[in-house]
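Comments concern the structure below.
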Amino acid sequence: MKWEGNRESDNVEDRRGNDSGGGGGGFSIGGGSLGLGGIAVALVASYFFGINPLTVINMLSGGGQGAPVQHQAPAHKPPPDDQMARFVSTVLADTEDTWGELFRARGATYVRPKLVLFSGRTATACGTGQTATGPFYCPADQKVYIDLSFYQLMKQRFNVSGNFAQAYVIAHEVGHHVQNLMGISAKVDQARRRMSEKQSNALSVRLELQADCFAGVWAFHANEARHIIENGDIDAALNAASAIGDDALQRQARGEVIPDSFTHGTSAQRVNWFKRGIAQGKVSACNTFEAKTL
């Protein structure tokens, strides 16, 4: 992926080194209890392209405003010699440029999300974010959170590497921000509160697949404008999407697949919707909610 020399966003908070956070707690994935190894694998579903589990828990329990923000030391900009921080700042800038143009074309204004770099844990409007949660978007404060050590985990656990695959992670989380601005997330949250767990999970899958598609829309326009994609980049992103499909993760964690508990979509579905976005470059191509088949 060609990124060096492109604009870097100044909308980045670097909280690494000054993070603190209150208590923790375990997570129950898919309505069931897992061993430590299973939890570690299942949490990667949140690492890749997932919204914060704290947000999901809050939505399912009927809460709408998120947890109070805890005290947080003042954030600062990443150091200029931090290559990975420069990379994510550049990707964020690219999403800002792309979605800014797409919103203007629709007669709307794109509100840029802030990207927060943290290590360990950090306070958010959705509760305490932790490294184990992985990259996530908090709609209550309109911020994307990421511990950059996640990228090493991508490589070690799933053999997924490359700048474009890493950029895809951020683009998916920004996709959730786009859904928030468009009012899609609020409608989904409201609908899920009236549904059974099975129905709620199915709606969550459609929300996540749309964010995958939006990541593809970003890639289409970013490449058209700035020629960022190199040979092998798309395959790397597709490999990432395939590696973290619900079916693949459940098979690895439990040795069996339980479709009713899917919240992000199968490997094939995630690949399909990203490919649709990058092939057409249209927001209208990403209407997963009216698609008869996913």
Notebook entry, point to check: What number of residues in the range 263-286 are outside any helix (DSSP H, G or I) and over 17 Å from Glu224 (Cβ atoms)?
Noted result: 4
Checklist line | Where a residue in the range 151-163 is closer than 16 Å to Thr133 by Cβ and aromatic (Phe, Trp, Tyr) and its partner, wherever it lies, is open to solvent by 50 Å² or more (accessible area, probe 1.4 Å) and not in a helix (DSSP H, G or I), with Cβ under 9 Å and at least six apart | finding: Tyr151/Ser161
Note to self: I'm trying to understand the selection: among the residues of the range 120-179, which are within 15 Å of Leu238 (Cα to Cα) and in contact with a Leu (Cβ under 7 Å, 6 or more places away or on another chain)?
What the structure shows: Ile170
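For the range 108-126, give me each residue that is assigned to a strand (DSSP E or B) and open to solvent by 30 Å² or more (accessible area, probe 1.4 Å).
Lys114, Arg121
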Notebook entry, point to check: With (1) of a type in the set (Ser, Thr, Tyr); (2) closer than 20 Å to Val178 by Cα; (3) modelled with pLDDT of 85 or more as the list, and Thr263 as the residue in question, which single condition is left unmet?
Noted result: (3)
Check: Within the bounds of the range 177-193, is there any residue that is in contact (Cβ under 8 Å) with a residue 40 or more places away in the chain, open to solvent by less than 30 Å² (accessible area, probe 1.4 Å) and polar (S, T, N, Q)?
Finding: yes
Check: For the range 127-150, what are the residues that are out of contact with any Phe, Trp or Tyr (no Cβ under 7 Å at 6 or more places or on another chain), open to solvent by 10 Å² or more (accessible area, probe 1.4 Å) and not in a strand (DSSP E or B)?
Finding: Thr131, Ala132, Pro139, Ala140, Asp141, Gln142, Leu148, Ser149
Check: What number of residues in the range 84-107 are under 15 Å from Tyr137 (Cβ atoms) and either of a type in the set (Ser, Thr, Tyr) or open to solvent by 10 Å² or more (accessible area, probe 1.4 Å) (or both)?
Finding: 1
Checklist line | Matching residues, the range 172-202, being basic (Lys, Arg) and closer than 18 Å to Cys138 by Cα | finding: Lys187, Arg192
Next item on the list: Scan the range 207-240 residue by residue and report those that are part of a helix (DSSP H, G or I), open to solvent by less than 10 Å² (accessible area, probe 1.4 Å) and more than 16 Å from Arg276 (Cβ to Cβ).
Entry: Ala222, Ala240
Notebook entry, point to check: Restricting attention to the range 194-206, and to residues there that are open to solvent by 50 Å² or more (accessible area, probe 1.4 Å), of a type outside the set (A, V, I, L, M) and in a helix (DSSP H, G or I), which single residue is nearest to His176 (Cα to Cα)?
Noted result: Arg206
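The values are calculated or read from the model by the stated rules, or taken from the named source; none is laboratory data. On a predicted model such as this, the values are computed, not experimentally measured, just so you know. Backbone-built Cβ (ideal geometry, glycine too); neighbour counts: all protein chains shown. Quick note on the areas: whole protein, heavy atoms, side chains included, nothing else; ligands and nucleic acids left out. Shrake-Rupley method; radii C 1.70, N 1.55, O 1.52, S 1.80 Å.
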